[in-house]
1. Using only the alpha-carbon atoms, how far is helix 221-234 inclined from the longest principal axis of the chain? Give it as 0 to 90 degrees, nearest 10.
2. What value, in deg cm²/dmol to 500, does the helix sum -39500 (n - 2.57) over DSSP H runs of n ≥ 4 give at 222 nm once divided by the residues of the chain?
3. With the contact rule set at Cα under 8 Å and sequence spacing of 6 or more, what percent relative contact order holds for the range 66-195?
4. Considering only Cα-Cα distances, which of the following residue pairs are longer than 20 Å: 38/187; 78/187; 142/210; 11/187?
5. Using r as the Cβ-Cβ distance of residue 192 and residue 88, and R0 as 41 Å, what FRET efficiency do you calculate, to the nearest 0.05?
6. Ratio of alpha-carbon Rg to the 2.2 N^0.38 Å globular estimate for the chain, to two decimals, please.
7. Under unit Cβ charges (Lys, Arg +1; Asp, Glu -1), what dipole magnitude, rounded to 20 debye, does the chain have relative to its Cα centre?
8. Would you mind checking which residues have amide H under 5 Å from residue 158's amide H? H placed 1.01 Å from N; only 5 or more apart, or other chain.
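We did not get these values from a lab; they are worked out from the coordinates using the rules stated. Everything quoted here is computed from the prediction, not taken from an experiment. So basically every Cβ, Gly included, is an ideal-geometry build from the backbone, and we count neighbours across all protein chains shown.
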Amino acid sequence: MLIAVLNQSTKITDDQAGKMTEAIASQVRNDAAPIWDKTAAAVVYYGTFAPGTTKMPSNVPKQAHGITIVDDIPDQPKGVLGYHTEDQGGKIWGIVAASPSLDNGAKALTGDWSVASILSHEVLEMFVDPNCNLWASDSRGKVYSFEVCDPVEAPTYNVGDISVSNFVTPAWFDPLAAENKKTQFDKCNHLHDSFACLPGGYMVYASEGKEQQHQGDRMPEWRMRSKDAWFSRTNRRKTQPGQGGF
C-alpha cells in the first residue's frame with residue numbers, strides 16, 4: 001500500500017508537510033505495522049499543488065492512495081479535521097484540514113491536536129481499515145467501528161520531535177483481552193480495557209440498530225462542537241459504503 005501525502009494548505013509549508021510525513025512513515029513502519037501484524041504501508045510526500053486542484057499531480061504513482069492537507073474542508077461542518085473515503089473505482093483517498101486546530105491554538109508539528117497528529121490519525125486509520133467497513137462486537141449488544149485513533153486521539157506521542165496520534169491495538173476490539181493483565185490496548189499504554197476511551201478521545205458504536213457517539217470529558221470545547229456537528233449532519237460516514245473519518 002502506498003499512501004501519497006500532498007499539500008494544498010496555505011498554512012502548512014512544504015517543509016512542514018515533508019517533516020510530518022517522514023515521521024508518520026516511521027510511525028507506520030516501526031509502531032503500527034508490527035502491532036497490527038501488517039505489512040507496512042509506504043507513506044511518501046509528493047509536494048504541494050494548487051489549492052482547489054482535484055487531479056493528482058503527474059508525479060504521483062497511479063497505484064497510490066492520496067491524502068491531501070488543506071486549510072478547510074468544503075461542504076463539511078466547520079471544524080471537521082479530516083476523513084478518508086473510497087471512490088467507485090476502489091481508490092482510497094483522504095483529506096486533512098489545518099485551519100480548525102491552528103485557529104484554536106494548536107501547532108503544525110508539535111503537541112496535541114497538531115496538524116501532524118491529525119494527518120497521522122487519518123493515515124493510521126486508512127492503513128488499518130482502508131475500506132472503512134469493519135466493526136467489532138463487545139459481546140454485550142454493541143458493535144464498535146474500527147477507527148483505531150478515535151478513542152485515544154489525545155494525548156499524542158512523539159516520533160523524533162513530531163507529534164503523532166496514539167492508536168489502539170487489536171486487543172482493544174477483543175472483549176476477552178482484559179483477562180490477561182499484560183495486554184496492551186493502545187500504543188502508549190494509557191488504556192486498561194477493551195472498548196475503553198481516554199478523556200480526550202471519542203468512539204462511535206451501534207446498539208439496537210442505532211448509532212451513538214461517546215466523547216471523553218476532556219475533549220476541547222472547539223473539538224466537541226465539531227464532533228457534534230459532524231455526527232449529527234452525516235450520521236457517521238462509517239455507515240455509508242467506503243467512508244470513515246475524524
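1. For 221-234 against the chain, the angle is about 90 degrees.
2. One gets -6000 deg cm²/dmol as the mean residue ellipticity at 222 nm.
3. 17
4. Among 38/187; 78/187; 142/210; 11/187, the Cα-Cα distance tops 20 Å for 78/187; 11/187.
5. It comes out at approximately 0.45.
6. 0.94
7. Computed about the Cα centre, the dipole is about 220 debye.
8. 164
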